[in-house]
Amino acid sequence: MTYIAKPKLHHPALRTNKIGYTRRDYEGAISTLCAGCGHDSISAAIVQACFNLDIEPHKVAKLSGIGCSSKAPTYFLGGSHGFNTVHGRMPSVLTGANLANRELTYLGVSGDGDSASIGLGQFAHSMRRGVNMTYIVMNNGVYGLTKGQFSATADQGSKSKKGVTNSDAPVDLVALALQLGATFVARSFSGDKAQLIPLIEAALRHEGAAFIDVLSPCVTFNNHSGSTKSYDYVREHNEAVNRIDFFVPGEEITTEYAPGTLQEVTQHDGSVLRLRKLNEDYDAHDRVAAMNHLQKHHALGEIVTGLLFVDSDPTDLHTHINTVDTPLNKLGERALCPGSAALKKINASLR
């Protein structure tokens with residue numbers, strides 16, 4: 001199906017946002033990922049978030065690395081700037097682009113292999129430097145392009161499709177982002193668009209390093225019994241810190257329960273979803289409390305989702321290094337090469 005192009009004609013009755021774009025204007029090419037891949041749901045959430053925020057596609061720069069996740073930018077924001085980097089190097093390329101032109105909205109897309117293995121150092125430095133970006137990791141715990149090996153985020157004790165047990169401790173990118181100083185940290189599930197879309201919207205509005213880890217089941221290599229990144233496992237262990245809505249095909253399942261209580265909800269397939277609603281006084285502005293909450297529920301085998309931490313007064317890399325307001329790519333020769341006197345002054349300051 002890769003040779004089939006999406007029709008460019010739009011139905012005249014399609015709803016438009018405040019700047020006159022339809023949702024179709026935020027789409028990209030037809031996906032070549034496996035049918036049912038969680039990455040496609042994330043792409044759809046990005047499309048909806050950008051439509052809701054009235055973002056002009058040509059003012060967005062989307063960058064990615066290598067992997068199934070890094071193919072995803074092809075499938076959204078076809079009218080934006082795009083750059084597919086080498087494996088694990090997306091953060092440094094995005095940092096350079098951001099320094100050159102701060103007027104664009106930067107969206108970095110990566111995977112658990114791309115960010116938690118070969119690109120772990122790149123991920124760490126983009127978080128600690130506060131690069132103004134929305135960094136989304138499509139996390140399925142497996143190397144899909146190379147046929148199903150465990151990635152660095154695979155949980156210890158989980159089993160591969162072939163029955164091999166993972167003996168290595170996992171890398172928790174959310175915990176790392178909190179520790180490294182990211183000013184917006186969240187986790188979500190590709191199958192929960194009601195939670196994911198608002199999180200992406202908030203991250204795109206945030207002026208600083210915004211990180212979202214999205215659990216995104218691989219339907220080909222990591223959606224079986226024994227996997228902790230499968231659709232069933234995530235749905236059964238989802239611990240939402242803010243709000244959670246759950247819908248399945250068929251009759252809608254609803255429930256009501258008080259803040260601070262636990263509710264078990266039986267699904268259509270007989271599985272039980274354990275929902276614990278946080279107390280109303282949960283503070284998303286306390287970094288240490290967020291890290292403790294994350295570790296506490298990880299020990300209980302529960303998956304924490306929602307907005308874990310946000311800094312209400314964030315700063316970014318441009319503030320840290322005191323760059324000028326004018327994008328560097330718009331500066332003329334006189335500003336970029338001020339002459340020998342200025343060079344002598346800089347050299348003197350370094351002695």
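The values are calculated or read from the model by the stated rules, or taken from the named source; none is laboratory data. On a predicted model such as this, the values are computed, not experimentally measured, just so you know. All Cβ positions, glycine included, derive from the backbone under ideal geometry; neighbour counts span all protein chains shown. Accessible surface areas use protein heavy atoms only, side chains included; no ligands, DNA or RNA. Shrake-Rupley method; radii C 1.70, N 1.55, O 1.52, S 1.80 Å.
Scoring Glu302 on the criteria (1) within 24 Å of Thr183 (Cβ to Cβ); (2) of a type outside the set (A, V, I, L, M, F, W, C); (3) open to solvent by less than 50 Å² (accessible area, probe 1.4 Å); (4) modelled with pLDDT of 70 or more leaves a single failure, condition (1).
Among the conditions (1) buried (at least 21 other Cβ atoms within 10 Å of the Cβ); (2) assigned to a helix (DSSP H, G or I), His125 misses just one, which is (1).
Any chance the stretch 158-171 includes a residue that's over 21 Å from Tyr231 (Cβ atoms), within 17 Å of the chain's Cα centre (by Cα), surrounded by fewer than 22 Cβ atoms within 10 Å (Cβ to Cβ) and of a type outside the set (D, E, K, R)?
yes
For the stretch 178-198, which residues satisfy the criterion of being among the hydrophobic types (A, V, I, L, M, F, W, C) and under 18 Å from Asn140 (Cβ atoms)? Correct list: Ala186, Phe189, Leu196. A single entry from Val47, Val60 fulfils the requirement of being under 25 Å from Thr220 (Cβ atoms) and at pLDDT 95 or above: Val47.
Do we have Thr228 as part of a loop (DSSP other than H, G, I, E, B), touching an Asp or Glu at 6+ places or on another chain (Cβ under 8 Å) and either of a type in the set (Ser, Thr, Tyr) or more than 13 Å from Leu307 (Cβ to Cβ) (or both) here?
On the way: part of a loop (DSSP other than H, G, I, E, B): yes; touching an Asp or Glu at 6+ places or on another chain (Cβ under 8 Å): yes; either of a type in the set (Ser, Thr, Tyr) or more than 13 Å from Leu307 (Cβ to Cβ) (or both): yes.
For Thr228, the condition - part of a loop (DSSP other than H, G, I, E, B), touching an Asp or Glu at 6+ places or on another chain (Cβ under 8 Å) and either of a type in the set (Ser, Thr, Tyr) or more than 13 Å from Leu307 (Cβ to Cβ) (or both) - is met.
Looking at the structure I just gave you, is Thr146 out of contact with any helix residue (DSSP H, G or I) (no Cβ under 9 Å at 6 or more places or on another chain), surrounded by fewer than 20 Cβ atoms within 10 Å (Cβ to Cβ) and among the β-branched types (Val, Ile, Thr)? It is false that Thr146 is out of contact with any helix residue (DSSP H, G or I) (no Cβ under 9 Å at 6 or more places or on another chain), surrounded by fewer than 20 Cβ atoms within 10 Å (Cβ to Cβ) and among the β-branched types (Val, Ile, Thr). Only one of the numbered conditions (1) open to solvent by 10 Å² or more (accessible area, probe 1.4 Å); (2) farther than 26 Å from Thr315 by Cα; (3) of a type in the set (A, V, I, L, M, F, W, C) is not met by Phe76, and that is (1). The set of residues in the stretch 87-119 that are open to solvent by 60 Å² or more (accessible area, probe 1.4 Å) and over 27 Å from Glu56 (Cα atoms) comprises His87, Ile118. Here Glu201 meets the list (1) at pLDDT 90 or above; (2) outside any helix (DSSP H, G or I) almost entirely, failing just condition (2).
Name the residue, out of Val131, Val185, Val174, that is in a strand (DSSP E or B) and either of a type in the set (A, V, I, L, M) or crowded, with 23+ Cβ neighbours inside 10 Å (or both). Outline the logic, then answer.
Details: Val131 fails: in a strand (DSSP E or B); Val174 fails: in a strand (DSSP E or B).
Sole residue among the options that is in a strand (DSSP E or B) and either of a type in the set (A, V, I, L, M) or crowded, with 23+ Cβ neighbours inside 10 Å (or both): Val185.
Within the stretch 205-225, if we keep just the residues that are at pLDDT 90 or above and outside any strand (DSSP E or B), the residue that is most open to solvent (accessible area, probe 1.4 Å) turns out to be Arg205. Restricting to the stretch 42-57, name every residue that is polar (S, T, N, Q) and surrounded by fewer than 20 Cβ atoms within 10 Å (Cβ to Cβ). Residues satisfying the conditions are Gln48, Asn52. Only residues that are hydroxyl-bearing (Ser, Thr, Tyr) and farther than 25 Å from Asn98 by Cα were counted across the stretch 326-351, and they come to 2. On inspection, Ser41 fails the criterion of being within 17 Å of Ala203 (Cβ to Cβ) and in contact with a His (Cβ under 7 Å, 6 or more places away or on another chain).
What is the residue count in the stretch 22-78 for residues that are aliphatic (A, V, I, L, M) and in contact with a Phe, Trp or Tyr (Cβ under 7 Å, 6 or more places away or on another chain)? Break it down into steps so the answer makes sense when it comes.
In the first step, residues of the stretch 22-78 are kept if they are aliphatic (A, V, I, L, M); the result is 29-30, 33, 35, 42, 44-47, 49, 53, 55, 60-61, 63, 66, 72, 77.
Still in the list and also in contact with a Phe, Trp or Tyr (Cβ under 7 Å, 6 or more places away or on another chain): 29, 46-47, 61, 63, 77.
Total satisfying the criteria: 6.
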